[in-house]
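Reading through the structure tokens given below for one structure.
The values are calculated or read from the model by the stated rules, or taken from the named source; none is laboratory data. Computed from a prediction, not measured in an experiment: that's the story for all the values here. Cβ placement follows ideal geometry from the backbone for every residue including glycine, while neighbour counts extend to all protein chains displayed. We work out accessible area using only protein heavy atoms, side chains counted, and drop any ligands, DNA or RNA first. Shrake-Rupley method; radii C 1.70, N 1.55, O 1.52, S 1.80 Å.
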Amino acid sequence: KYETSNGEYFSNSEMDDSDLPVVNVSFHQAQAWCHEHGLRLPSVSEWATALENAVSVSNVLELGINRSLPGGVFERGRTDSGMYDMAGNVREFALADELWTAPETHAFALGSSFATYKQDGYVANLSVNKSDRASDMGFRYMTEASTFIENHVAPKWNTLNATQRRQAVHAIAKWSKPWRRALADDIDQQAVPSSLMKALQE
């Protein structure tokens with residue numbers, strides 16, 4: 001739900017500015033990092049779907065901050081789907097898709113940034129060379145929910161203490177019931193602890 005941070009990208013939470021979005025990476029570097037971690041960049045259409053109902057509170061040039069901020073600073077800028085900084089902070093790489101095409105050498109950088117004036121969502125798209133880098137251009141990653149739960153959540157589930165597990169179940173309960181049940185149907189039940197599966201199905 002946040003732009004990829006320096007701490008994530010460089011696997012170093014102790015580095016200076018670890019909570020700021022990673023920038024000055026190319027599309028190729030962003031895509032390679034995602035692939036290495038079993039993730040991927042969103043397509044333009046997926047990014048636009050996540051942007052739906054975003055409010056206008058964001059880090060753009062009009063505010064005069066002139067630098068990126070840690071993900072989630074603008075709580076009032078959170079979208080209905082729980083995504084932060086979709087309308088500002090740094091522009092984000094996205095893949096071309098059926099609706100938004102680009103030459104093989106190019107990708108899209110979507111949204112506004114601290115260095116651009118506020119624009120309307122993904123209409124503020126910029127076709128960039130895949131080797132381009134900029135101080136206000138980063139990325140966010142995604143993956144299929146069922147794959148993420150099977151590969152990342154399930155293996156850690158039984159190591160959570162009682163409080164952590166209650167918090168996780170409470171967070172899952174906030175997802176829409178139809179979406180949770182559809183997700184449960186898509187998951188390999190043999191790969192997921194029964195208590196986690198129960199949280200998804202209830």
- request: Kindly establish whether V60 is touching a Phe, Trp or Tyr at 6+ places or on another chain (Cβ under 7 Å) and of a type in the set (V, I, T).
  value: yes
query: Taking the stretch 1-27 as the search range and keeping residues that are surrounded by 13 or more Cβ atoms within 10 Å (Cβ to Cβ), more than 13 Å from the chain's Cα centre (by Cα) and touching a residue at least 40 places away in the same chain (Cβ under 8 Å), which one is nearest to R91 (Cα to Cα)?
result: V23
field: Search result, residues across the stretch 132-157 that are open to solvent by 80 Å² or more (accessible area, probe 1.4 Å) and at pLDDT below 90
entry: E144, F148, N151
- prompt: If you scan the stretch 102-116, which residues turn out to be outside any strand (DSSP E or B) and touching a residue at least 60 places away in the same chain (Cβ under 8 Å)?
  reply: G111
- request: Name the helices (runs of 4 or more DSSP H) wholly inside the stretch 1-86 in which the number of residues that are over 21 Å from T101 (Cα atoms) is 3 or more.
  value: 6-9, 27-36
- prompt: Residue check, T105 against (1) in contact with a strand residue (DSSP E or B) (Cβ under 7 Å, 6 or more places away or on another chain); (2) surrounded by 13 or more Cβ atoms within 10 Å (Cβ to Cβ), all met but one. Which one?
  reply: (2)
- request: Would you point out which residue out of G71, G111, G82 is within 24 Å of V153 (Cα to Cα) and touching an Asp or Glu at 6+ places or on another chain (Cβ under 8 Å)?
  value: G71
Residues located in the stretch 33-79, provided they are open to solvent by less than 20 Å² (accessible area, probe 1.4 Å), touching a helix residue (DSSP H, G or I) at 6+ places or on another chain (Cβ under 9 Å) and among the β-branched types (V, I, T): V44, T79
query: Given the structure, is T163 more than 30 Å from R91 (Cα to Cα), out of contact with any helix residue (DSSP H, G or I) (no Cβ under 7 Å at 6 or more places or on another chain) and either open to solvent by less than 70 Å² (accessible area, probe 1.4 Å) or hydroxyl-bearing (S, T, Y) (or both)?
result: yes
- prompt: Are any residues in the stretch 184-196 more than 11 Å from S146 (Cα to Cα), touching a helix residue (DSSP H, G or I) at 6+ places or on another chain (Cβ under 6 Å) and surrounded by fewer than 18 Cβ atoms within 10 Å (Cβ to Cβ), and if so, which ones?
  reply: P193
